[in-house]
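Chemist: My questions will all concern the structure given below.
The values are calculated or read from the model by the stated rules, or taken from the named source; none is laboratory data. For clarity, every value in this text was computed on a predicted model and none was experimentally measured. Note that each Cβ is placed from the backbone with ideal geometry, even for glycine, and that neighbours are counted across all protein chains shown. Remember, those area values only see protein heavy atoms, side chains included, never the ligands or the DNA or RNA. Shrake-Rupley method; radii C 1.70, N 1.55, O 1.52, S 1.80 Å.
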Amino acid sequence: MTKRVVLIGHPVAHSLSGAMQQAAFDAKGLDVRYELWDRSPIALGAAIRELKGDDFLGANVTIPHKERVVPLMDRLTEDAAATGAVNTITKEGKRLVGHNTDVAGFAVALDKLVGRQKMPRHAVVLGAGGGARAIVHGLIRAGFLRVVVFNRHLHRAEALVRHFSKSAAHMELKAMPWHESIIESELLRTKILINATSIGLTSDVSPVPAEILPQSLLVLDLIYADTRFLRDARKQGCTTADGQTMLLNQGAAAFTLWTGQPAPLEVMADALTAARAGGLRSAEGEVTGAEGDATSSDTAPGDEPGA
Ligand code: NDP
């Protein structure tokens, strides 16, 4: 019987994960089909229940459901519980296990960006969605001592900070309002700047003006494209990386969870490059009501997003 793995999101048509995971299953000679399921929030519960069928190996979960699926899981791994977000589902019999492989993907991306330098201790994160949660968790685990989160809707950054209050008790984790002058002064004190917003995903705009980027910064954009933000940062003399390493490594970790086999990284990277040549920029499909539209915060209803 052909086994099935599905990506559940809304929308999912532009996902890069489909090309990457199907290439990996095919390269390993596994009879597995990776399907894209576009499911609105109201249809999420039924989609998750369907996964209990014998033909399913598991799933990926993406925008806007990563936080919403948490209460629908039978068990959460440590990373999923710590971030309050699930991007990969595996099965133990009919029980569903929620994982967050974005955390592992980010750890590889961070190491690669820092290279041979000493791991910095101070970072600025732009954004407070599901992606930002994996980033903040990863920074705490990597030993950062000051992390400042800026978000358009401050309450969401504050909720993120509250979510990590225990694991960040030994360090400074702060939410700050999105004002250019405040971001500028914070950047003078930091070594790492990460864009975890979707600004730049669907149009050529940057979350911050080029002039406020100090030359010595290490800059990561979670978006899988050479965004305006990254091009501006390079012009200013910064070292930059896009979301490819994180996307590839979160996908590789998910592949291993479903199959128990090491992921064919090169095959997956080639599939991503081909999909990118086809014009896709998004890590996991495009954001519903993308940039400039406050509905993107709908992914996190209430005070504590998705928790
Ligand atoms: P969410 O929808 O959960 O969060 C979106 C974030 O972008 C929020 O912080 C939102 O702010 C902010 N935002 C959107 N539009 C604007 C705007 N016009 N001005 C200011 N802020 C804005 O998405 P995710 O966290 O899941 O994903 C964020 C980005 O990271 C996406 O581009 C996604 O593709 C990428 N990503 C990449 C991964 C990879 O493996 N490379 C993994 C995960 C994500 P507000 O809360 O105020 O609405």
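Chemist: Looking at V149, V136, which one is crowded, with 23+ Cβ neighbours inside 10 Å and not in a strand (DSSP E or B)? Full working, then the answer.
Modeler: On the way: V149 fails: not in a strand (DSSP E or B).
When all the criteria are applied, what remains is V136.
Chemist: Quick check on segment 93-126: of everything there that is touching an Asp or Glu at 6+ places or on another chain (Cβ under 6 Å) and more than 14 Å from the ligand (Cβ to nearest atom), which residue is farthest from L145 (Cα to Cα)?
Modeler: Result: R95.
Chemist: Among the residues of segment 63-79, write down those that are surrounded by fewer than 23 Cβ atoms within 10 Å (Cβ to Cβ) and touching a strand residue (DSSP E or B) at 6+ places or on another chain (Cβ under 9 Å).
Modeler: Passing the criteria: R68, V70, L72, M73, D74, R75, L76, T77.
Chemist: Can you tell me which residues in segment 69-92 are modelled with pLDDT of 95 or more and in a loop (DSSP other than H, G, I, E, B)?
Modeler: Residues satisfying the conditions are V69, M73, D74, T77, V86, N87.
Chemist: Continuing with the same structure: Would you mind stating whether I192 is among the β-branched types (V, I, T) and without any contact (Cβ under 8 Å) to a residue 40 or more places away in the chain?
Modeler: Against the criterion (among the β-branched types (V, I, T) and without any contact (Cβ under 8 Å) to a residue 40 or more places away in the chain), I192 does not qualify.
Chemist: Further, regarding this structure: I need every pair where a residue in segment 263-274 that is touching a residue at least 60 places away in the same chain (Cβ under 8 Å) has its Cβ under 8 Å from the Cβ of a residue that is open to solvent by 50 Å² or more (accessible area, probe 1.4 Å) and of a type in the set (K, R), sequence separation at least 6 or different chains.
Modeler: Correct list of pairs: P264/K28.
Chemist: Do you know which of the residues in segment 119-132 that are of a type outside the set (A, V, I, L, M, F, W, C) and modelled with pLDDT of 95 or more is nearest to T83 (Cα to Cα)?
Modeler: Filtering segment 119-132 for residues that are of a type outside the set (A, V, I, L, M, F, W, C) and modelled with pLDDT of 95 or more, the one nearest to T83 (Cα to Cα) comes out as G127.
Chemist: For segment 152-164, name all the residues that are of a type in the set (K, R) and not in a helix (DSSP H, G or I).
Modeler: R152, the sole residue that qualifies.
Chemist: Exactly one condition in (1) touching a His at 6+ places or on another chain (Cβ under 8 Å); (2) open to solvent by less than 20 Å² (accessible area, probe 1.4 Å); (3) within 16 Å of the ligand (Cβ to nearest atom) is not met by T90; state its number.
Modeler: The single condition T90 does not satisfy is (3).
Chemist: Could you please find all residues in segment 45-62 being part of a loop (DSSP other than H, G, I, E, B), under 18 Å from K3 (Cβ atoms) and open to solvent by less than 10 Å² (accessible area, probe 1.4 Å)?
Modeler: Residue satisfying the conditions is L51 alone.
Chemist: Taking the conditions exactly as written (open to solvent by less than 20 Å² (accessible area, probe 1.4 Å), at pLDDT 95 or above, of a type in the set (V, I, T) and touching a Leu at 6+ places or on another chain (Cβ under 9 Å)), does T245 satisfy them or not?
Modeler: no
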